[in-house]
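Step one of this worksheet: look at the structure below.
Please treat every number below as a calculation from the coordinates, not as lab data. Source: prediction; values computed, not measured. Here the Cβ is made from the backbone with ideal geometry for all residues, glycine too, and neighbour counts use every protein chain on show.
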There are 2 protein chains.
Amino acid sequence: MTSTAWQLGCPITLGDNADRVTLAHGEGGRLMRQLIEEHILPRFSGSEASIAPPDAALLQQIEHDLVFTIDSFVVSPLFFPGGDIGQLSVIGTVNDLAVAGAQPLWISLSLIIEEGLPIPVLDCILDSAAAAARETGVRIVAGDTKVVPSSTADGLFITTSGIGRALAPTPLGPETLEPGDELIVTGPIGRHGIAILVAREQLGLTPPPETDCTSLIDPVKQLRDAGLLAVTNNVVRAMRDATRGGVTAVFHEWAQACGHTLSILEPAIPVTPDVRGAAELLGLDPLHIACEGTMVVAVKSGSGDEVVEALRKSHVSQQATVIGVVKKRGVSPVTTQRTLGQELPLDEPSGAMLPRIC
Amino acid sequence: MTSTAWQLGCPITLGDNADRVTLAHGEGGRLMRQLIEEHILPRFSGSEASIAPPDAALLQQIEHDLVFTIDSFVVSPLFFPGGDIGQLSVIGTVNDLAVAGAQPLWISLSLIIEEGLPIPVLDCILDSAAAAARETGVRIVAGDTKVVPSSTADGLFITTSGIGRALAPTPLGPETLEPGDELIVTGPIGRHGIAILVAREQLGLTPPPETDCTSLIDPVKQLRDAGLLAVTNNVVRAMRDATRGGVTAVFHEWAQACGHTLSILEPAIPVTPDVRGAAELLGLDPLHIACEGTMVVAVKSGSGDEVVEALRKSHVSQQATVIGVVKKRGVSPVTTQRTLGQELPLDEPSGAMLPRIC
């Protein structure tokens, strides 16, 4: 094993002779069947989370349109303050479904394991995935396991695909954004990316910044319950969990879709002191840093306060706040406005400053 | 790049300054958006195969139960005689749905790319995936792209997840197998695994053995058209594409499910001369070697000939043949019977002799 992707932050102590995953576990024979039957299936069985042993799961017809999504998780390290790759791989896909306006139902989960990963570490990660599935009410119904030779993958990659029941209405779409529309964030930004960076670079901050990785099902439910995402009254233009690229990446995508300028009031953005401190230390702007349990919402002009009030009923989005407005397209697609009113372009990063945060 | 996973067998010639995938392409910023908009979306657009730009695809309600599956593909090399990882990743998931008795409809596709992969190589692989989707009538509707640093993944891993419409009836299930039931294979076995091994080990056989990688939709359709997989007359106990672990792995799983012995008549097994030769050279038994377009079918006693006749109407399964029967459980769960009648146990390999064939 060339890396310490699984060692850093690993919450379990391993004996010298811990069982490890070998290439043999990936080859369709007895060892693979044992790994699946002894370590994987039991964790995903039960009323809320169960998995079908064959290659494909048979699922009951649902009386709605479907939402379908997929995400690969290559986060390094595998364990970080507040979470691990197992939890993240389930929550990430649950959130993609939730912000698309769907009720998450089923997940399929595929493992690419680097030869040498200790089996107790795998167990621990699968426990996290199962717990996240139980907490969010989704069932992990199908899976796959591949093992690749040492140094051809970095510990463990997990891909999850999710199916949700589309609830009417879904958000109107970022192409419908109009000048005057309000931009909301559901909580402090940048927490996930900073937690990963501090853990990976072993910066030794005390206490270590924690990921915000959590399900966004409840905040979206609050919007429906308040009648703000309803067939008769849909004020929600767009919702998106601000993952890779952070709030900046989402706003640039939306600005491109609608052709207007999205203007952020910088002092309004919620940032925790630990994220602010670490970001300054690292020379990063929290607006570029990933969240995993925080979303941005664009709503019709005049409905910002109502939406914020509804969101604050969820403990996940207690700190929801309006952070900006849509304006007629100026010189830049996304701008930030400082305290004294100066409006500056917020460039879309080309990429690469924060590799492997999810 | 530590390996030649993409170089071996690559059908395109690259200039010295071919564009390559960088970490920046995976970070949610402008470069990632360009990669997706310029290289991925155009390949999957059109009437039969289209992809939705946001993180989740909205799909129309279907009036059937669903079948859901996932598979990761880590094959090495990425290109091999008769196919590549792009085609394989679509066909593999299509076949998992087809043998579960479903009509494959939608696929989501996630890329884990090693930094340094030339973009023209990625283009070529995505073209193959799109072509396989068109040929099998599935639509690639959602995707994800991650990039990991050089030497933390081996060129490219692809995970596909598929949704199919469950057609009634589905196979009865391997637990319903009874003594007297007949075991059928739809064509020569071991072709995919041998093609990969010969390519990877650069054994230089001429012509090089080709993979059998192809869709099993038509053979399954022939069974339905012949009224053998019908609500009023379902003779199909189980169907499975014999991938990792080959026919042996499937038969061991079925033997465990039903508690009987599956007995193979060795002289009846179709094996092409090139696979037989290469397998002998490598000291392998074709029964253990993966197929990617060949399935085994267990059918009720007395219906073997009818099923074979129906299967032979498809060009994919022209060489379908009965290769064994189910017997009362003897000493071994799976046996092979040689020409002179001697019955030998066919052990389930523990694994590992053929890593990374899919």
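Worth a mention:
- For B:Asp19 and B:Gln34, the difference between the fully extended length at 0.36 nm per residue and the C-alpha to C-alpha distance is 4.1 nm.
- Cα centroid of region B:243-295 to Cα centroid of region A:76-109, whole Å: 38 Å
- Between the listed residues B:Gly92, B:Leu117, B:Thr339, the Cα displaced farthest toward the positive end of the dipole of the protein assembly as shown, a dipole computed from Cβ unit charges relative to the Cα centre, is found at B:Gly92.
- Amide H within-cut-off set for B:Gly143, under 5 Å, with H built and near neighbours excluded: A:Ile70, B:Leu109
- Cα shape, chain A, gyration tensor, a/c 1.5 rule: oblate
- Across all Cα pairs in the protein assembly as shown, the calculated P(r) in 10 Å bins from zero up to the longest distance comes to 3, 15, 25, 25, 17, 9, 4, 1, 0, 0 percent per bin.
- Chain B: relative contact order in percent, alpha carbon pairs under 8 Å with at least 6 residues between: 22 percent
- In this Cβ point-charge picture (+1 for Lys and Arg, -1 for Asp and Glu), region A:174-345 has a dipole of about 220 debye about its Cα centre.
- Whole-Hz Karplus values for region B:95-101 come out as 5, 4, 6, 4, 6, 7, x Hz, taken residue by residue from phi with 6.51 cos²θ - 1.76 cosθ + 1.60 and θ = phi - 60°; glycine and proline positions read x.
- Dividing the helix sum by the residues of the protein assembly as shown, where each DSSP H run of 4 or more adds -39500 (n - 2.57), gives a mean residue ellipticity at 222 nm of -7500 deg cm²/dmol.
- Using the Cβ-Cβ distance between A:Ala268 and A:Leu8 with R0 = 41 Å, the FRET efficiency computed as 1/(1 + (r/R0)^6) comes to roughly 0.70.
- Using all pairs of distinct alpha-carbon atoms, the Kirkwood hydrodynamic radius of region A:23-166 works out to 15.3 angstrom.
- Dipole check for chain A: with +1 at the C-beta of Lys and Arg, -1 at the C-beta of Asp and Glu, and the Cα centre as origin, the magnitude is about 440 Debye.
- Alpha carbon centroid spacing (whole Å) that separates region A:304-358 from region A:13-30: 46 Å
- Projecting label points 7 angstrom from Cα along Cα→Cβ for A:Glu306 and B:Asp347 puts them 7.2 nm apart.
- Summary for A:Gly302: label point 7 Å along Cα→Cβ; distances to the equivalent points in the other copies, ascending, 7.7 nm.
- Rounded if a/c under 1.5, otherwise prolate or oblate - region B:174-345, Cα gyration tensor axes: oblate
- Charge dipole magnitude, Cβ of K and R +1, D and E -1 - the protein assembly as shown, Cα centre, debye nearest 20: 620 debye
- Taken one residue at a time, the phi angles of region A:199-204 give Karplus couplings (6.51, -1.76, 1.60, θ = phi - 60°) of 5, 5, 8, 6, 6, x Hz. Gly and Pro are set to x.
- Here A:Leu203 and A:Val331 are evaluated by their C-beta separation; at R0 = 51 Å the FRET efficiency comes out at 0.85.
- Annotation: amide H of B:Arg237 within the under-5 Å range of B:Leu172, B:Ala298, B:Val299, B:Lys300, sequence separation 5 or more or interchain, hydrogens built in the peptide plane.
- Taking amide H as placed 1.01 Å from N in the peptide plane, A:Glu27 has its amide H under 5 Å from the amide H of A:Met32, B:Ala352, each at least 5 places away in sequence or on another chain.
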